[in-house]
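Enquirer: Sharing a structure below in structure tokens format, with a few things to ask.
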Amino acid sequence: MDLTDTGELVTLLAGLLIAVGAIGVMLPVLPGLLLSWSGVLLWTLLGSGSAGVRWTVLAVATLIAGAGLVTKFLWPGKRLKSTGVPSSALMAGGVLGLIGFFVIPVIGLVLGFLLGVWLVELSRVGHERAWPSTRAAFAAVGLSLLVEFAAALAIAVVWVFGLILA
């Protein structure tokens, strides 16, 4: 590849952004879905090939990203409301998860989140029901990550089909 060939360079950079975005869904420091969508935007604006195909791919990727973001918040939230886990427990879990991330990189996020939710639920509902509430909160966060990861992968698949068609 010649560095003067901007079409191939833009395609390579877009692919890297999309891949980093898919990986970034699992890492809390990267805005995963936004990075994946940005890769498609970069390819649409500066890539080579059929402009109609590129803009169609961007439109589909935008719909997928939007649906993923909305679903990421609504579906797990609805499940949490049905189990009765309050938002204060999630807030405590988020704060302790953030602290845990810096104390014990990566795994500290999960441990801190679990500890924060469990402590709030322990004081709220007692020892017997604290762990089931904590499991429900953890499952909701896992569902949220799964929805966002599926959206990032769907964006990648649409982009690959766009590459083939363009």
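The values are calculated or read from the model by the stated rules, or taken from the named source; none is laboratory data. Bear in mind the structure is a predicted one, so any value in this text is a computation, not a measurement. So basically every Cβ, Gly included, is an ideal-geometry build from the backbone, and we count neighbours across all protein chains shown.
Enquirer: Of everything in region 104-123 that's surrounded by fewer than 21 Cβ atoms within 10 Å (Cβ to Cβ) and over 15 Å from Val29 (Cβ atoms), which residue is farthest from the chain's Cα centre (by Cα)?
Expert: Checked region 104-123; the qualifying residue farthest from the chain's Cα centre (by Cα) is Ser123.
Enquirer: Step by step: first the residues of region 1-29, then only those that are part of a helix (DSSP H, G or I) and among the hydroxyl-bearing types (Ser, Thr, Tyr), then the one that is modelled with the lowest pLDDT. Which residue is that?
Expert: Selected residue: Thr6.
Enquirer: Just to verify a result, which residue in region 86-105, among those that are β-branched (Val, Ile, Thr) and farther than 20 Å from Ala140 by Cβ, is modelled with the lowest pLDDT?
Expert: By that ranking, first place goes to Ile104.
Enquirer: Oh, and also: Condition check: of a type in the set (Gly, Ala, Ser), out of contact with any Phe, Trp or Tyr (no Cβ under 7 Å at 6 or more places or on another chain), over 30 Å from Leu16 (Cβ atoms) and loosely packed, with under 13 Cβ neighbours inside 10 Å. Does Ser133 satisfy that?
Expert: no
Enquirer: Considering region 45-73 alone, what residues qualify as being of a type in the set (Ser, Thr, Tyr) and at pLDDT 95 or above?
Expert: Across region 45-73, the qualifying residues are Thr56, Thr62.
Enquirer: In addition: For region 121-158, which positions are touching a residue at least 12 places away in the same chain (Cβ under 8 Å) and β-branched (Val, Ile, Thr)?
Expert: Correct list: Thr134, Val141, Val147, Ile155, Val158.
Enquirer: Let me ask you something else. Only residues that are buried (at least 23 other Cβ atoms within 10 Å of the Cβ), among the β-branched types (Val, Ile, Thr) and more than 12 Å from Leu58 (Cβ to Cβ): list them for region 151-166, please.
Expert: none
Enquirer: To continue, here is another question. Within region 85-95, is even one residue closer than 29 Å to Trp37 by Cβ, free of Cβ contacts under 8 Å to residues at least 24 places away in the same chain and surrounded by 16 or more Cβ atoms within 10 Å (Cβ to Cβ)?
Expert: yes
Enquirer: I would also like to ask the following. In this structure, does Leu80 turn out to be assigned to a helix (DSSP H, G or I) and buried (at least 16 other Cβ atoms within 10 Å of the Cβ)?
Expert: The answer is yes for Leu80.
Enquirer: Does Phe73 satisfy being under 25 Å from Leu34 (Cβ atoms), of a type in the set (Phe, Trp, Tyr) and more than 15 Å from the chain's Cα centre (by Cα)?
Expert: Criteria not met by Phe73.
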